[in-house]
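Just below is one structure, and these are the notes that go with it.
The values are calculated or read from the model by the stated rules, or taken from the named source; none is laboratory data. Owing to the predicted nature of the structure, the values given are computational and were not obtained by experimental measurement. Here the Cβ positions follow ideal geometry from the backbone for every residue, glycine too, while neighbour counts run over all protein chains shown. When the accessible area is computed, the model is the full protein with side chains, heavy atoms only, and any ligands, DNA or RNA have been set aside. Shrake-Rupley method; radii C 1.70, N 1.55, O 1.52, S 1.80 Å.
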Protein chains: 4
Amino acid sequence: MKLAIIGLGKMGGNMARRLLKHGIEVVGFDFNQDAVNQISLTNGMIPASSVEDAVSKLSGEPRKIVWIMLPSGDITENQIKDLVPLLSKGDIIVDGGNSNYKHSQRRGAWLAEHGIEFIDCGTSGGIWGLDNGYCLMYGGSKDAADAVVPIMQALAHADRGWAHVGPVGSGHFTKMIHNGIEYGMMQAFAEGLDLLKGKEEFNLDLAQITELWRHGSVVRSWLLDLTAEALAHDQELSAIAPYVADSGEGRWTVVEAVDQGVAAPVLTLALQMRFASQEDTGYSYKLLSMMRNAFGGHAVKTK
Amino acid sequence: MKLAIIGLGKMGGNMARRLLKHGIEVVGFDFNQDAVNQISLTNGMIPASSVEDAVSKLSGEPRKIVWIMLPSGDITENQIKDLVPLLSKGDIIVDGGNSNYKHSQRRGAWLAEHGIEFIDCGTSGGIWGLDNGYCLMYGGSKDAADAVVPIMQALAHADRGWAHVGPVGSGHFTKMIHNGIEYGMMQAFAEGLDLLKGKEEFNLDLAQITELWRHGSVVRSWLLDLTAEALAHDQELSAIAPYVADSGEGRWTVVEAVDQGVAAPVLTLALQMRFASQEDTGYSYKLLSMMRNAFGGHAVKTK
Amino acid sequence: MKLAIIGLGKMGGNMARRLLKHGIEVVGFDFNQDAVNQISLTNGMIPASSVEDAVSKLSGEPRKIVWIMLPSGDITENQIKDLVPLLSKGDIIVDGGNSNYKHSQRRGAWLAEHGIEFIDCGTSGGIWGLDNGYCLMYGGSKDAADAVVPIMQALAHADRGWAHVGPVGSGHFTKMIHNGIEYGMMQAFAEGLDLLKGKEEFNLDLAQITELWRHGSVVRSWLLDLTAEALAHDQELSAIAPYVADSGEGRWTVVEAVDQGVAAPVLTLALQMRFASQEDTGYSYKLLSMMRNAFGGHAVKTK
Amino acid sequence: MKLAIIGLGKMGGNMARRLLKHGIEVVGFDFNQDAVNQISLTNGMIPASSVEDAVSKLSGEPRKIVWIMLPSGDITENQIKDLVPLLSKGDIIVDGGNSNYKHSQRRGAWLAEHGIEFIDCGTSGGIWGLDNGYCLMYGGSKDAADAVVPIMQALAHADRGWAHVGPVGSGHFTKMIHNGIEYGMMQAFAEGLDLLKGKEEFNLDLAQITELWRHGSVVRSWLLDLTAEALAHDQELSAIAPYVADSGEGRWTVVEAVDQGVAAPVLTLALQMRFASQEDTGYSYKLLSMMRNAFGGHAVKTK
């Protein structure tokens, strides 16, 4: 089994390494040639000097499989377009990145017009996937889905962390919802731990409690495992800024809920609290303070 | 008609002035003797040098009416207790402050044991009440409620801004819910205006738009009137800190919803956003940022 | 001054009547010919038998003004396209309906290519606009905006309920945010009144309290005026189904907040509670009940 | 080691069995004598015919330990009061139920006046604790906490699921927050799965996806394990009513957040959605529908 991977960053690089360890041949390309060289040297990846070179090194395969692992948006869009003239009927493009599922549906339809199969693969597991294996949820035709099974088995956690969940688009859709749930779970833990810390009279040891909860409690989870480990090293977090980034999937999940007309208040609030953390002017708060002053003469806190 | 007012601060002082203007005799006391002197001098209030003195100056009235206008909590509690030995059966204590309705119920029951009537009066209108008249919602026995009607008529907006809404406790309960709604309305305006401002490509004039909405729109309201006026002077609000205080009633409304087992998400969120504005450490945000780093290797923004 | 109105439904018909009362000549067309005939008969509108006929009856005007008042989406889109060949350079199309502002921006750009001016006008005031006047917030070029001022003055509340707020798109944008705020205010009132009713021991009269709040309280507003009037007739609402419809603007406001990366939790929750009211299967609740049973053996309520 | 357990219901009975299996002697009492007899017969518990009898059967122990496992509130309160005359200085009462931590603090202070130690123990693990071991978080003096260690070791998951977290009250406080987080996690999963199901065009298999996520995904957790198992049997849940019960801890967590002045929107919303599921009249929705009709003439859906 042999495939090409375009994009050898934090995720793509580790996936290449894991595939190589499991006996899959990987042709790798990245604009960062150092990344290509390093994985080739240490893991035996076949280096490519360009996308064209990568595809050409798949010649002889019954069907070429090109896995792209790039930032979502225009970069992924353009890469897919550029691949089409290099591929033949029945070849397969896998987008393993975090693309919007609607884009994946559109791309799949467009590739189908060119006779090229498309698989949209949501990939969970983060930096731990290299050793633990990934969780892979992918969409595509049955034919294409079957063809990539050996790759999925190599990447996945314990040969159980992969599934063909439906047609093109359903892989990234499922991953999007996964991330929405992740936001909600993270926010639930953050709020609860904040309340534990806020109860100053008890002077609770959050490292002790999160470690304890890992054993037999209802909230035990991988997020809790990681949280307990991090808190064991530092529970003041004084070097960390109170700023939480967000990515496309959290936002798309909220838009999806609006599109479906379904209440998803916890997933939504989890995103909105991240927005609040990113806020730097606090204009809405200023407005509220101004209004209180206007009707009640309440003192306004000035800067 | 003659009554005593204990507490001549921002609210109590203006209420005394309004009563005097409407021909009600007012005996006034405050620990701040300057406040007593000023209102006596400019508005003809009968000054009292102590609570005892204030009550004694009601002698001759068929039933003594003492209106207390003090900070909620222990100060109001203690004042009510101290009044009991000074009053006789059938006399009336009115608590016009923002007390928790459960405390008012308890106090009413306790005063009833001493034969003293209790009226809990929620008072809305803020600093504008002096000129516009207040909105008064009060609870108590029918007998006591009838006895204070002339006072309510003098205080109220256009003789329509008062009502006896139910038994002791119901006045402060109704005011509590009023304030809960107020929080929700304020937050709705703040969020909407924040989004107007956030749409930089339109460079909208928030003073123009809020003024416009006052005329014929669905959101026209007194809060909008005040907001438009304030924004006409300054829509950057750069001198105002992004910090929003909260008072008891907003919190009690949320606890009431929990007690009733009723979803009140907007009233609750409006309070919680004020909490978020008051937050200075951002511990929950730090936890989220830490978790993102732990599972995904995402960069943490440092201070 | 003379204009054509396409669409004489609940909103468009009343706007035609108001314009006619204020001395503006109106050519009117609707696929419902009865609507055309009725307004012509009772208000002196010039009837048109088709869109073409309506436009032709504007010949002689220095620049033709066509106001469309149609359901948002494809109907409005197609009408705008169909108008282009009928109009000349410098003529003006006004979309007074509830279109998505992004669509208005796109349409404005497309019309500009054809030399036609576009005004996107958000219209608030509902069924009360006929008598009270509307609140009109509109976007467009300065030239076009100036040209429609006499129309806006005739439609608006007290000659103050209109404003040119910015470029094309900004009118519908401002109206969208207006409606988002409206959702939040409505939900705040609904939650508060629900808690008043839920406090059974006080047996509160919601008609009395909402009427009271109209006079001097902080929450006084037009929504409260209407609510008090409705509750005066019926406060049990037993004939009304607990189902709340939602329209595009509420949803677009939430998507806008996500696009801006701004927390708008109250506007969002107000929409989501409407979604919850529309829900008929309660699948998420079933899932929660199933989980409680799975970990705690808690009894599941069956149908 | 020997202790008495008062209350042999779903939780207490299983805890008695687990202790007996691990070589701890248990004297058991319950008003349901069948429960007493059954555990005595099958697990060798020493049966008691009354609370007095249970305590007397601890005579000879260096310090008596009585573990109560009763519904929170008055039943627990009264049992603690009734135990005092039966115990001696230095004896220990453990409340392993779901009491409000403020009550536990009060009870601990009162028992201390009588020379009796009090331990408030939050117990997680549900019906799975018998086999898997429980997660126990308890508060109390160091002396008392040390004395019960062998019991905790026998009850706990893998000898790691127990910890002395702080003074009296801190055990139930920690359990309360644990349950608050649990509500948030459950709601996050419910919303996400609801959106998966709502995307009808993909016809997703929720049993497949939840099983998949158990392997290597970021949301893997015990709640997911249970959910996947349940969905494998039935993913329509058609026999389950869309009604979600709530218990004290979820509510107390929200009140705690209000008391601390800390935003905990996700924990709060998770509770409020349960309230919404319990709602049967939908009065707030009726109000909203009425308002829409009042200002916009929008049709009201009738029953």
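Miscellaneous remarks
- Taking only the Cα atoms of segment A:82-176, the radius of gyration and Dmax are 12.8, 38 Å.
- Under 5 Å from the amide H of A:ILE5 lie the amide H atoms of A:VAL27, A:GLY28, A:PHE29, A:TRP67, each residue being 5 or more positions distant or on a separate chain, with H modelled from the backbone and absent for Pro and chain starts.
- Phi angles of segment D:176-188 translate, via the Karplus equation with coefficients 6.51, -1.76, 1.60 and θ = phi - 60°, into HN-Hα couplings of 4, 5, 3, 5, x, 4, 4, 4, x, 5, 4, 5, 4 Hz per residue; Gly and Pro are given as x.
- Label-point distances for B:THR281 to the equivalent site in the other copies, using a point 7 angstrom along Cα→C-beta, read 3.0, 4.4, 4.5 nm when ranked shortest first.
- Amide H within-cut-off set for B:GLY297, under 5 Å, with H built and near neighbours excluded: A:ILE127
- Residue pairs exceeding 22 angstrom between C-alpha atoms, taken from B:LYS64/B:LYS102; B:LYS10/B:LYS142; C:LYS10/C:LYS142; B:LYS102/D:LYS102; B:LYS197/C:LYS102; A:LYS199/D:LYS175: B:LYS64/B:LYS102; B:LYS10/B:LYS142; C:LYS10/C:LYS142.
- Karplus 3J(HN,Hα) series, Hz, for segment D:30-39 with 6.51 cos²θ - 1.76 cosθ + 1.60 (x for Gly, Pro): 8, 5, 7, 5, 4, 4, 4, 4, 5, 5
- Globularity index of chain D, i.e. its alpha-carbon radius of gyration over 2.2 N^0.38 Å: 1.20
- Label-point separation, A:LYS21 to A:SER56 (7 Å along Cα→Cβ), nm: 3.3 nm
- Loop-located trypsin sites (Lys or Arg not before Pro) in segment C:38-145 (DSSP state other than H, G, I, E, B) with a sparse environment of at most 14 neighbouring Cβ atoms within 10 Å: C:LYS89.
- For peptide D:204-214, the mean count of partner chain Cβ atoms within 10 Å of a residue's Cβ comes to 5.
- DSSP beta bridge pairing in chain B, given as percent antiparallel to the nearest 5: 20 percent
- Long-range amide H partners of B:TYR134 with built H, under 5 Å: B:ALA156, B:HIS157
- Note on segment C:2-168: Cα convex hull, mean projected area over all directions, 8.3 nm².
- Candidate lysines for bridging to B:LYS21, where Cα separation is under 16 Å - those fewer than 8 sequence places away on the same chain excluded: B:LYS2
- Nearest-to-axis residue in chain B, judged by Cβ distance to the rotation axis that brings B onto C and given in whole Å, is B:SER221, 2.
- Extension reserve of the C:ARG160-C:ARG106 stretch, reckoned as 0.36 nm per residue once the Cα distance is removed: 16.5 nm
- Structural size metrics of segment C:152-290, computed from C-alpha coordinates, are Rg and Dmax of 18.3, 60 Å.
- Within a straight-line Cα-Cα reach of under 20 Å, B:LYS303 can be paired with the following lysines, leaving aside sequence neighbours fewer than 8 residues apart in one chain: B:LYS286.
- Each Lys or Arg adds one and each Asp or Glu subtracts one; over the other residues with Cβ under 14 Å from the Cβ of B:GLN187, this totals -3.
- Dimensions (Å) - segment D:6-74, Cα atoms, principal axes, largest first: 30, 29, 19
- Derived from the Cα gyration tensor, the three semi-axes of the equivalent ellipsoid of the protein assembly as shown are 51, 51, 24 Å, largest first.
- 7 Å along Cα→Cβ, label-point gaps from A:GLY261 to other copies, nm, shortest first: 3.0, 3.3, 4.3
- Spatial separation of Cα centroids for segment A:61-125 and segment D:213-231, in angstrom: 29 Å
- Anchor B:LYS57: aspartates and glutamates whose Cα lies under 16 Å away (excluding residues fewer than 8 positions away in-chain): B:GLU25, B:ASP30, B:ASP91
- Accessible-area composition of segment A:113-213, carbon plus sulfur, in percent [1.4 Å probe]: 47 percent
- Environment charge at C:LEU58 (Cβ cut-off 14 Å; Lys +1, Arg +1, Asp -1, Glu -1): -1
- Karplus 3J(HN,Hα) series, Hz, for segment A:138-148 with 6.51 cos²θ - 1.76 cosθ + 1.60 (x for Gly, Pro): 9, x, x, 5, 4, 4, 5, 4, 5, 5, 9
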